[in-house]
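J.: Attaching a single structure in structure tokens format; questions to follow.
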Amino acid sequence: MPETSVCAIVVTYNPDQQLKERIDALAPQVDLVIVVDNASSVQTVAHVHDLKKVKNLELIENSQNLGLGAGFNIGLQRGLDLGYGYLAIFDQDSLCSPNLISELHAIHIALKTEPIAVVSPTYYDETLGIVVHPDPFSQTKPLLDGRAVDVMTTFSSASLIRADILKKIGLMNEGFFIDYIDHEFCLRCHTVNYRVLQSTETTLKHRLGNPFKTWIGLSILEHNSDRIYYQSRNRILMYKKFVKLFPGFIFRDILSGFARFFEILMYQNDKIERILSFFLGTYDGLTNKSGKRKIK
């Protein structure tokens, strides 16, 4: 397999009927698409099976929901075994622009002598109508005449990763199940002096949550209680691992966590359930619990 070849991994779980449209936008841009389905329900798995019509696609169906991290890793390992030089990971709800992969790949190639681990696009949440930055305060001076910027972390979806980097630092953290998988991986890259870049030239349409307006007119994102649990737990696990190495990033994320809790307290429905999930996740993080949430 040529060292410049690209394999895309898409993890699905109960996808909507627009999945085929999103895969059709991605498939022509890469050499192979690997779809890893995490045991979608009978009602939604037909959308996954419809992808068998795509020529350069391989479908892997798990017998249970193993989580986003494990789903990514199954696809990533398959791509590595097949010898692809670059691997891109995608959430099921991300829609690629026509030149997305080629632009990310071009940045990698232009800086191939530099220690670049990941190049991601700019993220646009069309439900909020804004560009969303994972950590806007970490951006530094532009590279390649403004085509890219150095960042501390980025979102997982549409991140194009060098295969040799994955072999050196390992795959995604399966213990996180979902949420903070991308941040943990990026920080792990930085611990061995690899860089994470974000393209300014291409945009990914990506949905980060369910938006709604507050009574004072602010638009915020709502997540269910399970997502709140994983976010609360995994941020604690990440803090314990990286706080001494990246205190600035951790401090900013702590402030973000307080803001999310304030939003739950002030604006969101089912407050009791969400608040309990927030504190249970925090407790489990402090006691080093990981993996899929166990509900008694």
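The values are calculated or read from the model by the stated rules, or taken from the named source; none is laboratory data. It should be emphasised that the depicted structure is a prediction, and the values quoted were computed from it without experimental measurement. Note that we place each Cβ from the backbone using ideal geometry, even for glycine, and neighbour counts take in every protein chain shown.
J.: Being modelled with pLDDT of 80 or more and assigned to a loop (DSSP other than H, G, I, E, B) is the filter; apply it to region 212-263 and report the residue that is nearest to the chain's Cα centre (by Cα).
T.: 224
J.: Inspect region 1-22 for any residue being on the phi > 0 side of the Ramachandran plot, in the same structural domain as residue 88 (by TED's automatic domain parsing), over 19 Å from the mean Cα position of the chain (by Cα) and not in a helix (DSSP H, G or I) and give the result as yes or no.
T.: no
J.: I would also like to ask the following. Can you list residue pairs whose Cβ atoms sit under 6 Å apart, with the first residue in region 46-57 being more than 17 Å from residue 29 (Cα to Cα) and the second being in a helix (DSSP H, G or I) and of a type outside the set (A, V, I, L, M)? Count only pairs 6 or more apart in sequence or on different chains.
T.: Qualifying pairs under 6 Å: 50/20.
J.: Go through 257, 291, 281, 248 for me and flag whichever is closer than 21 Å to residue 155 by Cβ and surrounded by fewer than 16 Cβ atoms within 10 Å (Cβ to Cβ).
T.: Matching residue, one of 257, 291, 281, 248: 248.
J.: So which residues in region 55-84 are within 20 Å of residue 105 (Cβ to Cβ), in a loop (DSSP other than H, G, I, E, B) and either out of contact with any strand residue (DSSP E or B) (no Cβ under 6 Å at 6 or more places or on another chain) or not polar (S, T, N, Q) (or both), if there are any at all?
T.: Passing the criteria: 83, 84.
J.: Being among the aliphatic types (A, V, I, L, M) and surrounded by fewer than 24 Cβ atoms within 10 Å (Cβ to Cβ) is the filter here, so list the residues in region 182-208 that pass it.
T.: Residues satisfying the conditions are 187, 192, 204, 208.
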